[in-house]
Amino acid sequence: MLKTKSEQRAALSEVAQGARILAVDDDDRNLLAISEVLAGVGEVVCAQSGEEALRFLLKEEFAVILLDVLMPGLDGYETASLIRQREQSRRTPIIFLTAINKEEAHMLRGYDAGAVDFVFKPFDSAMLRSKVAVFVELHEKTLEIQRKAIVEQTLLEQALESQKSRLEAERALRAAEQRQEAILQSVPVCFHARSLEPPFDARFVTSGIERLTGFSPERLTSEPGFGLSRVHPDDLPDVEAALLGAKAAGSYSCEFRWQCADGKYRSFLDQGVISHNPVDNTDEIVGTLLDITERRELEDRLLKAQRLDAIGKLTGGLAHDFNNLLATILSGLGLLERSTALDEQAKKVLDLTRRSAKQGADLVNRMLAFSRRQRLKPEPLQLATLVEPLNGLVAPVLGGLVRFEWNIDSVWPVLVDGSQLELALMNLVFNARDAMPTGGLISIRAENRTIDSRSDELGAGDYVVISVIDTGSGIPADLVAKVIEPFFTTKPVGKGTGLGLSTVYGFAKQSGGTLRIESVVGRGTAMQLWLPRSLEQPARSIEQNQVSRPRVDGNGARPTILLVDDSDALRELTASSLRQRGFDVTCAAGGAEALARIEKAPQDFDVIVTDFAMPLVSGLDVIRFARNLKADWPAVIITGYADTKAIGDLPADVPLLAKPYKDQELVESILQVKQTHGLA
């Protein structure tokens, strides 16, 4: 077997330097004698212990080893065994030096340890020199053979070098081609060349086109005009214009939708330049085709999320202002009704006005639902408890042409605000009814689903999917993404606000789920409401969870009220209403004024009733300041903008009353905190 180049260099070095002899003995006199006797035979390297000998053997190669048997530490037998265990020195001849008699057992042990011969002390100089010279000569001949082999191997390598280099170059080229092909296959791009003139037929297309479109390269190169025939009709004029303009501009870039083998359209970015083909001596277009479908979908989702978020913030802000106005109107109507004797006509006008204000409040609540700023009270709920109430609500509205059925058995309980879920399902059912003017079937189904990995819409976990399915006209594909946008409606003017599905979507997202829509034109629609599973079991009945609020007691003592609101009209009307009911009310036009009154005379007020959203100092700031003076100061917060994040640190013993509220609700809240904190 030919040696490596490093081994070849070592062998040549050995020939040049001459043989080395390793003498191992713990007696300096013996080592000196050996060196003198073997002078001229080879270079003698002396070691005074087995350990030192092993260190020499790690660094150098020796023709023969003279090894004393009896030494302190590692003796000759142990040293020989270790020498034979090492690959580098296992074939090096070992001659034992010993003063022990020539017993057969002693010599057998030496041979077993790896000795090739024995020299007995006191040794005969001529005999020692003769024996060592034999092994040195053998070693030198071996090195000479190795040298010749090295020369022959060098010649052979030189003869094969060009062939080997060529083979390696071919292998490297094939590997580079395979690597390049794998890289091209891993990215959504292919390369192409096409003619410069219409119909711009493809002359060359890489194999990546099949993964992108489902068509083989041969399909595109064998049929002139096939590529343009699959471009979406709306995008075709722009593509043709870009290709025609490439001759003058020297390059082109266009984006279009292309119908793949599965019939679906995918979005591509086509870019190229004019190049000269030396084979045909003609100019052609060469370029790349990049699949940007996922990028466009992500951009569309991002734009949609940004648009919905912007509209949500707008509607949330509008809801705050509208709630203040509606609360003022309703409070004024109540005050007018209690303080003025009205005839029947005036009562009708007042009732109509109150009903309109309440309809406005309902519209505001729907806006809050879309913007995800409504106050939800999620509790464990079993869907079966909704069947009877919803049947009673929707049956009279559906009419005789529409059949209505449920299939919600054996599903997990959900964690949701039950009343808001009921409203959402009613919205979906009424939308389904409107999609079936000539009648049909509406079914509500539920199933358990588990999401293993997080997506843009849902986190990983268990969900209950409630599907409201109709057999109506369906929704066109280009409108499916738009129907959940606020104020978008396909109904005639006056027939809908466009807030129905948007509020259902907002409710679902605020509840930790989502709304998905599957629809086929002419066959119907399935509205899928995804809601998180509740790990707790629902309470036995809704009635058991209701807490009765204390009613106004004419005989009870009335606490004094500090009323804080930055709306002048609402503040004055609320104060008048409370005074009519016997409360002693002091008003503050904002948080800063309230802090000053509390600091000046804290003993004057039993209960603080404060608006939440006010400039500079919020209602929560007022309550915190008051409770620094008296830890359990009773308080009620009223708000027209129920942003749960902003009031997330609301104390548990402070009721939150949403505008517009009934006068009686405010009174009951005041009496509730009075009772909670033990006021007489």
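The values are calculated or read from the model by the stated rules, or taken from the named source; none is laboratory data. Just so we're clear, the structure is a prediction, and the values are computed from it rather than from any experiment. Cβ sites come from the backbone with ideal geometry, for glycine too, and all protein chains shown count toward neighbours.
General observations
- Checking Leu67, Leu57, Leu97 one by one, the residue that is surrounded by 17 or more Cβ atoms within 10 Å (Cβ to Cβ), within 60 Å of the chain's Cα centre (by Cα), of a type outside the set (S, T, N, Q) and in the same structural domain as Arg29 (by TED's automatic domain parsing) is Leu57 and no other.
- Among (1) out of contact with any Phe, Trp or Tyr (no Cβ under 9 Å at 6 or more places or on another chain); (2) over 17 Å from Glu284 (Cα atoms), the one test that Phe200 misses: (2)
- Within region 577-590, restricting attention to residues that are at pLDDT below 85 and not basic (Lys, Arg), the residue that is farthest from Lys662 (Cα to Cα) is Gly582.
- Total residues in region 256-290, condition modelled with pLDDT of 90 or more and outside any strand (DSSP E or B): 5
- Cβ pairs under 7 Å, 6+ apart, first in region 441-464 and hydroxyl-bearing (Ser, Thr, Tyr), second assigned to a loop (DSSP other than H, G, I, E, B): Ser453/Ala460; Tyr463/Gly513
- Filter result for Asp238 (outside any helix (DSSP H, G or I), over 15 Å from Gly287 (Cβ atoms) and at pLDDT 90 or above): no
- Residue that is modelled with the lowest pLDDT [pool: residues in region 627-640 that are part of a loop (DSSP other than H, G, I, E, B) and either among the aromatic types (Phe, Trp, Tyr) or under 20 Å from Gln664 (Cα atoms) (or both)]: Gly640
- If you check Glu593, Glu543, Glu599 for being at pLDDT below 85 and either outside the structural domain of Leu336 (by TED's automatic domain parsing) or among the acidic types (Asp, Glu) (or both), only one passes: Glu543.
- Qualifying residues in region 135-192 (those that are β-branched (Val, Ile, Thr) and part of a helix (DSSP H, G or I)) - the one farthest from the chain's Cα centre (by Cα): Val136
- Filtering region 567-607 to residues that are touching a Pro at 6+ places or on another chain (Cβ under 7 Å) and free of Cβ contacts under 8 Å to residues at least 60 places away in the same chain leaves only Gly590.
- Members of region 201-234 that are closer than 17 Å to Gln259 by Cβ and touching a residue at least 60 places away in the same chain (Cβ under 8 Å): Ile209, Leu212
- Filtered residue count, region 641-671, keeping only those that are surrounded by 20 or more Cβ atoms within 10 Å (Cβ to Cβ), among the polar types (S, T, N, Q) and modelled with pLDDT under 80: 0
- Only one entry in Arg571, Arg597, Arg624, Arg579 is over 43 Å from the mean Cα position of the chain (by Cα), more than 22 Å from Glu665 (Cα to Cα) and not in a strand (DSSP E or B), namely Arg597.
- Filtered residues of region 427-485 (kept if over 28 Å from the mean Cα position of the chain (by Cα), loosely packed, with under 14 Cβ neighbours inside 10 Å and hydroxyl-bearing (Ser, Thr, Tyr)): Thr438
- Hits in region 193-235 (condition: polar (S, T, N, Q) and not in a strand (DSSP E or B)): Thr206, Ser207, Thr213, Ser216, Thr221, Ser222, Ser229
- Region 377-420, residues that are assigned to a helix (DSSP H, G or I), over 40 Å from the mean Cα position of the chain (by Cα) and under 17 Å from Asn431 (Cα atoms): Asn391, Leu393, Val394, Ala395, Pro396, Val397, Leu398
- Any hit, region 186-208, residues being among the basic types (Lys, Arg), more than 30 Å from Val239 (Cα to Cα) and modelled with pLDDT of 80 or more: no
- Restricting region 193-210 to residues that are surrounded by 14 or more Cβ atoms within 10 Å (Cβ to Cβ) and within 36 Å of the chain's Cα centre (by Cα), the residue that is nearest to Val279 (Cα to Cα): Val205
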